[in-house]
Amino acid sequence: MNKAGSLLFASGRKFVCAIVYFVLLFSNFADAAGGFDSLLQQLPELGVFMKVFESRIELNVKDYGAKGDGIGDDTKVFMDVWDIACSSKVESRIIIPEESYFLVKPISLGGPCHSKVTLTIAGSIVAPSNPDVWDGKDTRKWLYFHNVHHLTVEGGGTIDGMGQEWWATSCKTDPKNPCRHAPTAITFHRCNNLVVKNLMIVNGQQMQMALTTCDTVSVSHLSVFAPAGSPNTDGIHISESTDVEVKDTTVRTGDDCISIVSNSSKVQIRRIVCGPGHGISIGSLGESGTCDQVYDVSVRGAFLSNTENGLRIKTWQGGSGFVRNVTFEDVWMQNVSNPIIIDQYYCDSTKPCPNKTCAVNVENISFVNIKGTSATKEAIIFACSDASPCEGVYLEDVEIVSAYGGVTTSFCWEVKGSTSGYVYPPVCYSDCNSFIKKSVLPTTNLQAI
């Protein structure tokens, strides 16, 4: 405790002693007043004083005027309570009580804060259903936390992005609609030592949760849900972040269950259930010639069901940088299209993407103990760059059979590496002259690719 804190604590002790002395001095009158309990009720200042000197303060948003009926606007109350918590000299807990629905418009909750803040969401935080509420505001954000260190968000409650109107007016849903940005339901930007656990995130307007430029993050026991047809609704999006762990989480959505992009490293994914969705993806990387680096990524323990892709690395032509030291291990798949895919020709455009010589390097990628069924014949795809072939691609104990009978095959283009143990479908060399003409060797188990 510093000098100021010691003086304050000493003053506090003197104050408490004075109150106790006062109570004892007038104890003879206590019986006449109905006992000590009655007397202490006449001294509310003592309770307030002791509250200040607790190691943590609790702030229930309803005590500050939040309605919690899902109709009244509770945005200002949330901002006011956040300001109190963030400026508190002691650890604070903001409580979103259960059995309540708090309508909150786009909100920015920033730091740095003076002490640790815990946001306990036991009830529901609900977004406006009408996209017009975002007119004049940043349409990329709804709940936006930034520059907050040692933040914990937990509580067993629900964050509901009410994304139905956003999806209906998306150009991905109907090409006649104008393309525009839609909000990420909850974003954490520059939040270090962050913990997010025990929550349900549903119907995000676009991405469900994003971690951007964060360091030291633990995400666990989340349920992240959006319909299979909802556009661009990535479950957990990790960008420019390091030392991130995501575990014991279920994601069912319309895009990548987990996406790891631009300049992220030391990412661990553990015990994930995914599907429907687009699988677990690194990328896309290198769009519009950008330089991206993703390295030291480990995915261990996952179940993917009815997803468009399984384990995927995707990069645009013309980019630079690298994807390096990535391990996918102990993964079971059920009826997954493209179970294992490295695609350096990724093109998310209505028009053909131009061929370019430079590429994001892909090296030291391992697939170990990957089992299950493929919804397509081609279960393994390694489509790598002519100018920058994939290096060090390793497969061990891989068995992906057809979900509908028949054989599965692999496709390889400009890829080098090795295998160990039983690998099916066997990996292959490519002997064609273009990416379009595929060479498939479904029966020969090569020990080097």
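Summing charges over all other residues whose Cβ lies under 13 Å from the Cβ of residue 400, with Lys and Arg as +1 and Asp and Glu as -1, gives -1.
Descending by average beta-carbon neighbour count within 10 Å, the peptides 407-417, 200-210 line up as 200-210, 407-417, the highest first. Spacing of the modelled spin labels on residue 99 and residue 386, each 7 Å from Cα toward Cβ, amounts to 6.8 nm. Among 377-390, 286-299, sorting by the average number of other beta carbon atoms lying within 10 angstrom of each residue, highest first, gives 377-390, 286-299. The distance between label points at residue 198 and residue 69 comes to 3.1 nm (points 7 Å beyond Cα on the Cα→Cβ vector).
Note on residue 291 and residue 55: their simple-model spin labels are 4.7 nm apart, each label 7 Å out from Cα toward Cβ. Classified by the C-alpha gyration tensor, the stretch 230-330 has an oblate form. Its axis ratio a/c, with a ≥ b ≥ c, is 1.5 or above, and a/b does not exceed b/c.
For the stretch 318-337, the residues whose backbone nitrogen is under 14 Å from a point 7 Å from the Cα of residue 376, taken along Cα to Cβ, are 335-337.
Applying both filters, DSSP loop and at most 14 other Cβ atoms within 10 Å, to the trypsin sites (Lys or Arg not before Pro) of the stretch 54-95 gives 89. Taking a Cβ cut-off of under 14 Å around residue 203, the surrounding Lys, Arg, Asp and Glu residues balance to a net charge of -3, with basic ones at +1 and acidic ones at -1. Packing, taken as the mean count of other beta carbons within 10 Å per residue, orders the peptides 255-261, 95-101, 349-355, 143-149 from highest to lowest as 255-261, 143-149, 95-101, 349-355.
Classification of the stretch 220-270 by its C-alpha gyration tensor yields an oblate form. The axis ratio a/c (a ≥ b ≥ c) is 1.5 or more, and b/c is at least a/b. Considering the zone a paramagnetic label at residue 268 would reach in this model (a point 7 Å from Cα along the Cα-to-Cβ line), which residues of the stretch 218-247 have amide N under 13 Å from it? So the set is 218-220, 243-247.
Measuring between alpha carbons in the structure, the pairs from 176/371; 141/247; 247/351; 197/377 lying more than 31 angstrom apart are 176/371; 247/351; 197/377.
Computed from the coordinates by the stated procedures, all read-outs in this text should not be read as laboratory data. Just so we're clear, the structure is a prediction, and the values are computed from it rather than from any experiment. Quick reminder, even Gly has a Cβ in these numbers, built from the backbone with ideal geometry, and neighbours come from all protein chains shown.
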